[in-house]
Each structure stands twice: as C-alpha cells, then as structure tokens.
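See structure below.
The values are calculated or read from the model by the stated rules, or taken from the named source; none is laboratory data. What you see is a predicted model, and the numbers here were worked out from it, not measured in a lab. Note that we place each Cβ from the backbone using ideal geometry, even for glycine, and neighbour counts take in every protein chain shown. Heavy atoms of the whole protein, side chains included, go into the accessibility calculation; ligands, DNA and RNA do not. Shrake-Rupley method; radii C 1.70, N 1.55, O 1.52, S 1.80 Å.
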Amino acid sequence: MHNHPDAKAVIRTLAPDEPVILNRPHAAARAARFFVEKFPGRSLYAVKANPSPELLQVLWVNGVTHYDVASIAEVRLTRQALPEAELCFMHPVKTARAIREAYFEYGVKTFTLDTPEELEKILAATAAENGEAAEDLRLLVRLRVSSEYSELSLASKFGIELADAAPLLQAARQHCDWLGVCFHVGSQAMSPFAYVQALDRVRAAIAEASVVIDMVDVGGGFPSVYPGMEPPPLEDFFAIIAKHFEALPIAYNAELWCEPGRAMCAEYSSLIVRVEKRRDTELYINDGAYGALFDAAHVDWRFPVAALEDDLRDPLLEFAFYGPTCDDADYMKGPFLLPGDIRAGDYIEIGMLGAYGAAMKTGFNGFGDAEQVVVDDEPMASLYRGDRQRLESDNVVNLR
Ligand SMILES: *Cc1c(COP(=O)(O)O)cnc(C)c1O
C-alpha cells in the first residue's frame, strides 16, 4: 500500500463514499520518542486509546516496551502484535478467568487493584494448581485522585480513597516483591498541577501505610492540542512530576512510570468525511457519534477541521454536524468553522483523531466502514515538532 501526500491527494485519488482514516506513523513515532527520551522514567502506552496493530508496531520500534492493557482481549491483541512486549493489566476490576489467562498464558505479572476483594481474586487466580501462591506478582494499588484539572473525569469510578488506602497497601505488600501506587488524574489534564495534587495524595498514603514502595505510576492524562485547549508544554509536566516524585518517601531505587494514551496517539490519525446534505448551518456528514466522532457528540469535543475543496471562497461560518445514523443524538454541536459556501459533496478533514477516534467506531445502523490510508503530511497540530503551531482562530487550521 503506497502513501498519499495528504488529504487532498486522497480525495482526488479515491473520491471516497465512506469516511477515510488517515494515519501518520511518523507523528506517532515522534510522540513515542518524545516520551521515551524526555519523561524522567518509563513510559507505557495505554492500548485502549488506539489498539491498532500498526500503531503498536510503530510505538514498539520507537522504544515503548511496556503496554497498559485493560481487558483480556487487549492482552491477546497486544501480545499478538508485539510478542516481546511487557504487558501490565491496569484495570482495577478484572474477571478471575482474565487474570488467570493473562498470568499463565501471556506472562502478565503486573496487576492493578483498588479493593481487598480484587487482591484476593488476583492471588487466587494466579496460584498454582497445588495452591502455592505466585511469587513473581507486581501489584499496584490505585488511589483515587481529583480530576479537577482534566477535561474528562476519571475520578468517580476507580481508585481507593486515601482514608482506606493504608490497609490495602499493607495487605498487598505481603503478597508481592514489588509494590506500586498508581492513579489517573483524568484525561486531557490541562495543568501540571493535576499531578502535584495526586502525588501529594500518594505521599500521604505511603506515609500512613509505612510500607516500602518500589514504583509510582502517574497514569495517563497528558494532553494533546485541540481548539480551545492549548496545554502548556509537556516538558513542564515532566519537570514537575520528577520533582515531586523525588521528594516521596520511597525506596531509593523506586521507579517512576507513566501510561499515556491520548498524548502518544492523538496526532496519529485524522479523518476525511463528506458532506451529504446541508441545512442552513448544519452539515450532514458521513461519520458521527457512533463512529470516530464519539467525543465530538457525547462530550462536545471540538476537533480541528479543514475544508478540502479549493474553490470555496466565502468567509468562515460556524457549523454543527449531524452524523449518518437515524438517531437524533448523532449530533455534534461544535461549532466547527468552515467556509460559508461549503455544500453537499464537499470533503472535510477532521484532525487529531488518533486517540479515542478510530477506536470508538461501531457498526450501528450499517455505518462504520472506513478505509485506512497512510499520509505523509503533518498533523493539524503537534506538541512534538519543536515549532509548535498555534491553532488559528479557534478551530480553523491552515497549515497547508
Ligand atoms: C485510559 C487510561 C489511560 C490513558 O489515559 P489518557 O488520558 O488517554 O492518557 C492510562 N491509564 C489508565 C489506567 C487508563 O484507564
């Protein structure tokens, strides 16, 4: 399969009836190298953000050796794509069968938990047939932290409360040689202070439990760039995390981990859609809430857009999108800024969809097919290019 130069070349060549996902391996490679070289510890990749085997391969080749998997299906597919990768089962609620299969068939040793019940489940599922306990478990206790600096909260579902953490840390310590603490500040954290607050909580938990901690995992949440969401440089996040990590009461050789999803793959993909109908300032496009634009519909995420036709002359107008299914909820309010004379038949590129975009596609209502091609041009915005381009006038992008 040959590469295309950019989205315009793709529509000229394919005139696609269905949405097309444009992948940029060079952008994912750059993000992976950035984390591997600059994060002051180990960078895992959180597979759920985009489980594409091609992407996993790019990350592996660029130095990402450890992968955060959350289901047995992610364990299997990551092992299939990357036979040598280290897999870490980071979902705090797993089935006994999934734990058993991961441990015995896929060599997974690292498991997260946030309750005494999950600890018991992990111990039982990894014990030998004669009842002997596993001796090589690496356990992480997930602490509940605030999501107040993040665009998408992950604070309500998982993580043990600080007040209850000490007994769980002490219990876990008795069953493993290597004990870690992890948390997740929520996705798209817009301030490094999110990690300061969380690490303060880690410090309090460790102090109260008085156990030796071998590893601290600051989770995901590292931001990407979207219209209206211009985060500080990732280097600022890394510097603050390093400083607060070093001040923790932990083993002298304790490791620091992070597990970005979004930041490692947001720039990997964009999407070409076609306008099928226009009604005033509403554009009916061929992808939507049940496709790669789940976040645009459900949490009003404003992805950058660019019209791909050369003959559009009118000033920009604010548009909303309808997706292709028959459901009223298949609606993305935007606003998305596009030339005022855009019309049915015109193509649009929607950027920064490598994370939680392609991964969310369903086949609902018979829509969901999308060809994938590789393009050579730059993503609409990048945190990793050194010459960070500001997104122009909210969500218009004009780099070409
Ligand atoms: C989703 C998730 C991540 C990745 O989060 P991002 O915000 O995409 O960086 C990392 N760790 C865990 C446990 C997760 O559930």
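Quick notes
- Scanning the range 210-231 for residues that are of a type in the set (Asp, Glu) and modelled with pLDDT of 95 or more yields ASP214, ASP217.
- LEU168 open to solvent by less than 20 Å² (accessible area, probe 1.4 Å) and closer than 18 Å to ALA204 by Cα: yes
- The number of residues in the range 252-264 being touching a strand residue (DSSP E or B) at 6+ places or on another chain (Cβ under 8 Å) and either within 14 Å of the ligand (Cβ to nearest atom) or free of Cβ contacts under 8 Å to residues at least 40 places away in the same chain (or both) comes to 7.
- Hits in the range 324-345 - residues which are part of a loop (DSSP other than H, G, I, E, B) and open to solvent by 10 Å² or more (accessible area, probe 1.4 Å): PRO324, THR325, CYS326, ASP327, ASP328, ALA329, GLY340, ASP341, ARG343, ALA344, GLY345
- When the range 195-239 is filtered for residues that are among the small types (Gly, Ala, Ser), at negative phi and either part of a loop (DSSP other than H, G, I, E, B) or buried (at least 19 other Cβ atoms within 10 Å of the Cβ) (or both), the ones remaining, listed by number, are ALA198, ALA205, ALA209, GLY220, SER224.
- Where helices (runs of 4 or more DSSP H) sit wholly within the range 51-160, those with at least 1 residues that are within 16 Å of the ligand (Cβ to nearest atom), over 30 Å from SER191 (Cα atoms) and open to solvent by less than 40 Å² (accessible area, probe 1.4 Å) occupy 72-81, 96-106, 116-126.
- For PRO192, the criteria (1) on the phi > 0 side of the Ramachandran plot; (2) open to solvent by 10 Å² or more (accessible area, probe 1.4 Å); (3) within 16 Å of the ligand (Cβ to nearest atom) hold in every case but one, which is (1).
- Subset of the range 346-383 (residues that are open to solvent by less than 20 Å² (accessible area, probe 1.4 Å) and of a type in the set (Asp, Glu)): ASP346, GLU349
- The number of residues in the range 285-302 that are open to solvent by less than 50 Å² (accessible area, probe 1.4 Å) and either acidic (Asp, Glu) or in a strand (DSSP E or B) (or both) comes to 3.
- Test result for GLU276, surrounded by fewer than 23 Cβ atoms within 10 Å (Cβ to Cβ) and acidic (Asp, Glu): yes
- Qualifying positions in the range 183-194 - part of a loop (DSSP other than H, G, I, E, B) and over 16 Å from LEU168 (Cα atoms): HIS184, VAL185, GLY186, MET190, SER191, PRO192
- Residue in the range 303-319 that is closer than 19 Å to SER224 by Cα, in a loop (DSSP other than H, G, I, E, B) and out of contact with any Cys (no Cβ under 8 Å at 6 or more places or on another chain) present: yes
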